[in-house]
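Worksheet: one structure, shown below.
The values are calculated or read from the model by the stated rules, or taken from the named source; none is laboratory data. Every value quoted in this text rests on a predicted model; they were computed, and no experiment measured them. Reconstructed Cβ throughout: ideal geometry from the backbone, glycine too, with neighbour counts over all protein chains shown.
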Amino acid sequence: MTAPPGGTSAVRGRIVVDRLTKVFGTQRAVDELSFTVEPGSVTGFLGPNGAGKTTTLRMLLGLIEPTSGTATINGVRYASLPAPLEAVGAALEASSFHPAHTGLQHLRIYCAAAGLPARRADEVLDLVGLRDAAKKKTKGYSMGMRQRLGLASTLLGDPRVLILDEPANGLDPEGIRWLRGFFRHLAGEGRTVLVSSHQLAEVQEVADRVVILNRGRLVRSGTMAELSAGTSTAVVRGPNLHPLQQALVAAGLTGSTEADGSLRVQTDDLRHIGQLAFQHGVELHELSLSRFDLEQLFFSLTEGAHQGSDLGAYTPNGHAPAHERTRQP
Amino acid sequence: MMRNLIRSEVLKTRSTQVWLWMILPAAALTALSTIGQTYGSIYDNEHGGAAIRYYDIFTTANGGGVALLVIGILGLTTEFRHKTITPTLLAIPGRWTLLVGKAISYAIFAFFYAVICIVVNFAIAIPWLDAKGIPVEFGHGVPGGVVKAFLALLMTALFGLGLGALVRNQAAAMVIGIFYFAIISNLLSVIPWVRHWIYPWSPGGALDAFISNGTIRNTADDVHRLAPLNGGLLFLVWTLVLLGAGGYFSLNRDIS
């Protein structure tokens, strides 16, 4: 995931954001943001509240005018797409419905606007599991049903690109599981799925790539494999790990001592640690591998941005922030 | 695209009950205006019936204008109120295209309402005049007056659409629109200096001039009024200015 090469942005289904900037008054909501989203992938768009995710998505969709920079889909600005609903399906809010319209009416209105047959509304309601609520007024919909209706509206034109802002909000666990499978299915068909979310564990489960924003700027992007390279951690527990700590330092391994006395060693080679423990006569109660954790990466990259946000109330997995850990063994 | 947009807008309005319910005030206001004009009509044998103000009776279809104004205001303010402006602009990214499509759609709805207002007007006035033994005459520019009432209703709906585009808050747009036509405009028409130098150029004055019978101009009361055609054109300009300003200042803003 790199800055966009100028001549190749016209690939069908490719999203290219190039030095996109939005200034509201004195605040730079989005600052020189560049990234590319490739077709056939699910890309997680992450960042704490106020990071500029929604502003970026709205600029991409022509709802907000950028201060500078460009955002294109299929090589053109959204407003220049000849049949926008057939190129891009987007759901930005879970409550963009007239309360007196039924779910079916809501979809038929946009079918008419896009020149699609009215039966397409019934088809997408079936796809998202809302057939039984088709003739119910949207004011009676639960949050989960609203999310599904929003998702249904993105599918009306059978688009190659889907852009979704927090689609899992309000969904029950079954809904989230369904959504995960649905994203994989869409990406498997070669579609581009860009999804912003706070549910990092879900993103880790489903995304091929992530773009992480903080204070309007890109702080990290890449495939999950790229991000997770070298991040596996061995967890070691035992009644007296001091001799092992010294052995690990001597072996050139780095890590940290947790508050509960356990060790976290930056390696995925458990056999090596087991050998060292055996050689030094250290009793072990646990020797396990903790794999890449997107949540941890997210918090380390956006540290300090969560005060007052809904992410600020806890530390991931109960771990102390990185700077509070002891930099040994 | 425009055809799809108009179909979508008509479906959007038809999918709620508001358009049906708004027929009631439109018909009721027209009926009240018609009753008010017809009630005092007495056939004057000495003057060959000239005292009967046929023109005024058969142009009172315009009495339903406030209902049309409200319908127009709902056109865009509802989109902002319920945040449906986001999916609407995703389907129709061109904001001027959207505004033009809405204007055409609301002209279609206003046509339907205007027909109802004129039918109500005729349904009350003609049998009542007949029952009073007054011959029903459609001379004296009455057919032209009916057409003007019809056009005034259409333009009032578009004026409301423009007002709603400019003042995106639904409640505020309603209060401003209704308060202006029901109170402010009438006040301007009676304040001595204002009535001659400001009122004729205001939207209410222009609309009033358009509906007025051109034959009664140049009286002491109407000396500074515009001719009906000029009044109609001026009101159309006001409508277009509101639509243009709404499109430029309001609809072109960031949708966040």
Residue B:118 among the aliphatic types (A, V, I, L, M) and either within 14 Å of chain A (Cβ to nearest Cβ) or crowded, with 21+ Cβ neighbours inside 10 Å (or both): yes
Count of residues meeting criterion [of a type in the set (A, V, I, L, M) and touching a strand residue (DSSP E or B) at 6+ places or on another chain (Cβ under 9 Å)] in the stretch A:95-111: 1
Failed item, numbered, when residue A:12 is tested on (1) within 14 Å of another protein chain (Cβ to nearest Cβ); (2) over 20 Å from the mean Cα position of the chain (by Cα); (3) within 30 Å of residue A:201 (Cα to Cα): (1)
Selection status of residue B:83, within 14 Å of chain A (Cβ to nearest Cβ), assigned to a helix (DSSP H, G or I) and not hydrophobic (A, V, I, L, M, F, W, C): no
Residues being surrounded by fewer than 17 Cβ atoms within 10 Å (Cβ to Cβ), in contact (Cβ under 8 Å) with a residue 60 or more places away in the chain and part of a helix (DSSP H, G or I) - total across the stretch B:160-190: 2
Residue match in the stretch A:41-50 (condition: touching a residue at least 60 places away in the same chain (Cβ under 8 Å), within 14 Å of chain B (Cβ to nearest Cβ) and not in a strand (DSSP E or B)): yes
Condition check for residue A:108: outside any strand (DSSP E or B), at the interface with chain B (Cβ under 7 Å from one of its Cβ atoms) and modelled with pLDDT of 95 or more: yes
Members of the stretch B:35-77 that are modelled with pLDDT of 75 or more and among the charged types (D, E, K, R): B:56
Residue pairs meeting the criteria (Cβ under 8 Å; at least 6 apart or on separate chains; first buried (at least 16 other Cβ atoms within 10 Å of the Cβ), in the stretch B:230-249; second among the acidic types (Asp, Glu)): B:231/B:208
